[in-house]
1. Once you put a point 7 Å from the Cα of Arg428 and another 7 Å from the Cα of Ile379, both along the Cβ direction, what distance in nm separates them?
2. How would Leu367, Leu440, Leu233, Leu480 line up from fewest to most surrounding beta-carbon atoms within 10 angstrom?
3. Calculate how large, on average over all directions, the projected area of the Cα convex hull of the range 278-388 is; give the answer in nm² to one decimal.
4. Given an 8 Å cut-off on Cα distances and at least 6 residues of separation, report the relative contact order of the range 304-426 as a percent.
5. Tally Lys/Arg at +1 and Asp/Glu at -1 over every other residue whose Cβ is under 15 Å from the Cβ of Tyr453; what's the total?
6. State, to one decimal in nm, how far the label point of Lys319 lies from the label point of Asn292, with both points 7 Å from Cα in the Cβ direction.
7. Run through all the Cα pairs of the range 363-426 and give the fraction in each 5 Å bin from 0, expressed as whole percent.
8. Output the pairs from Lys187/Lys209; Lys187/Lys255; Lys294/Lys483 with a Cα-Cα distance over 19 Å in this structure; if there are none, say none.
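Every read-out reported here was derived from the displayed coordinates using simple, explicitly stated rules and does not represent laboratory data. A quick note: this is a predicted structure, and the numbers were derived from the prediction, not measured. In this analysis, Cβ positions are derived from the backbone assuming ideal geometry, glycine residues included, and neighbour counts consider all displayed protein chains.
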Amino acid sequence: MMKKNAWFIPLLIAGNIVLAEEADEISVDVIPIPTPLPGSWEEENLNEETESVVAAKEESAKTTEEKKSAGSSTTAEKKIESVAPEKNSGTSLNLSNLVFNNPYEVTNKKRMAITPGMNGELDTQFWDMLSSSNNMLVFHNWEPGVNYFGARVPNGKDVVFSLNLSGSAWLMGEENHEIRVTWHGDKPVYTIRTVDSSNPGHPVFGVGKIVREQIKLVGKQDVNFWNMELKLLGMGRPGFEIGNKISVRADSINKFQQTPLAIVPRVLNTVELAFERSVNDIPGLSWDASYNAKVRNVQPGSNFGMNWKVAKPDNVTLKRIKIAPFGMDKEYSTSLSTPMPEYNSYGNAYAPFSANIPKPTPYGYYLMQAKLYRSDDKITLLQSCFQVARPVEFKINYKAKTKKSPTEQTVDGYVTVHSLTTSKLGGRFRLELPAGWELLEGADSTFSIFHPYGHANLYVKFKVPANFSGLAPIKYRVDLGEKIVQQTVYFQVYSAE
C-alpha cells in the first residue's frame, strides 16, 4: 500500500492541495506576491518558530541549574540563537566553523520533483537522498513552488540547513538563510535566520525574511534517532521552479552548540531542480522521456502514456529495460519488463509505456523510472517526474502591487482557471473575502473550457479596507459538479515604506 496520508495533497504550480476524505473537495493554499504562489498549510504550525526559542530557553535554564549544582556556570548564550539580529563581534575559529567549512558532497546534483507524505516517516519511496554524513541522512525533494528537506538525526543532535536560494555561494546575494531544527519534547521545532548584507563587509544574521507561513515541520523519534520533514514554500523567492539552482548544506551539531557567525564562510553545494535525471549514467548516453499529449500530468483513474527513447551507447550493450512508476501501490500500478527493443537506422530504441493511475492515488509528483540492464552487469536508472493532478488549477494575477493606504483602495485582476484534463469542463466560480472587505466583481461567475488543457479568464475586483497591511485570506472556489476545487490565497498588502 502507498504510505501517503489520506489528508495529504501536493502543491502544484498554483499551490498545495488538500483532498477531503471523500475525494469530492480539494482545497489549496497559496500566497501571491503579487502572483499566486504556494502558501501556508495549517494554523497549528504557525507558532513553531516561537516554540523553538521557548524550547531553547527551557533547555538552557535546565542546563544552567544542572551546572550550578555541579559547581560550574553557563550563560544564556548556550541556547539556540533566535531570529534576533546578532552582534558581529569577531570570527573566532571553533569546531562549528570547521564543520561548516568542510566540503559537502551530494548524491546527485539534479533534484527530482517528488511529493512526500509529510508524516515524519522519511519513506524512501517518496524522499530523495541528498547526502550522508556526520552519522546523518539528509533528503531533498522539490515541486513547483516548494522545497522539501528531510533528515534522520542522532538523538542529542540538531540539524542546521544553510541555504542560498539563488544558487550562489554563501553570502552572495540576498537569499542566504539558516534553518536550525531541534527535537524538543515530542516534536521538532525550528529557528530561522537570514543574512543581512546591508552593511557591505559586515554581514550579520538578522530577522528572517522567511515567514512562519512558509514552513510546515513534522517529525518522529525512536530510540537512537529522530526524523524531521520540512516543507518550505517559495512565496515568490528564487529557487523553487524547474531549472532553478539552489546551494545547500546540512550539518549535525550538538544541542546548544553555536553556529558560525554569518561572516564565516560555509561551503555549500549547488544543485538543480529538474524533471529528468539519470543515475549510474553511461558516459555519452542520450535519452528522452516524452509524454502523450506533451503534458506530464494525469488524473487519478485515467490512463497515462509515454515513450522512452534511448540512443545506442558506444561502450556497453543494453540487454533489458524495465519501466514502472516509483512509489505507487504495486498491486494497482503497471510495469513493463522487456528485452531492449531494436535500434532504428538512427541508432535509437523506443520503449512505449502505458499505465492506469488508480483512483486512490494521492495528488502529487511521482517518478517514472526506466531501469537499463547492461552487459557489464550494472544498472542505469533513467528517471522522469510526472504529476497526478487535480482537474483544474488557479493562476491569479492582480494588476499592481498593493501597499497600505489611509483610505480604501480597489484591487482588480484576473483569475485564470486552467484545465488539467482532456475533457470539456464547466462550472461556477466564486470569490470569498475576509470580513470587512467589499467584493465588487467575482461573486458568482459561470465558465466553460472547451479544449483539452484550456483555460478561462475571470475578472475579479474588490476593496481593501483603509490602513490594512499584512496577509489576508481570500478564498477562490470552483464548483465542477462532481468536484469542488477550493483555494485559499493569502493576499499581501505591503507596508507603505
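1. According to this spin-label approximation, the distance is 5.3 nm.
2. Numbers: Leu367 21, Leu440 12, Leu233 27, Leu480 17.
In order of increasing Cβ crowding within 10 Å: Leu440, Leu480, Leu367, Leu233.
3. Working: hull surface 27.9 nm².
For the range 278-388, averaging the hull's shadow over all directions gives 7.0 nm².
4. Details: 203 pairs, mean separation 28.4, N = 123.
Once normalised by length, the contact order is 23 percent.
5. Numbers: positive: Lys294, Arg296, Arg390, Lys395, Lys424; negative: Glu393.
Charge balance in the 15 Å sphere: +4.
6. Result: 3.2 nm between the two label points.
7. For the range 363-426, the pair-distance distribution reads 4, 12, 11, 11, 10, 10, 10, 9, 8, 5, 4, 3, 2, 1, 1.
8. Details: Lys187/Lys209 24 Å; Lys187/Lys255 15 Å; Lys294/Lys483 25 Å.
Over 19 Å apart, Cα to Cα: Lys187/Lys209; Lys294/Lys483.
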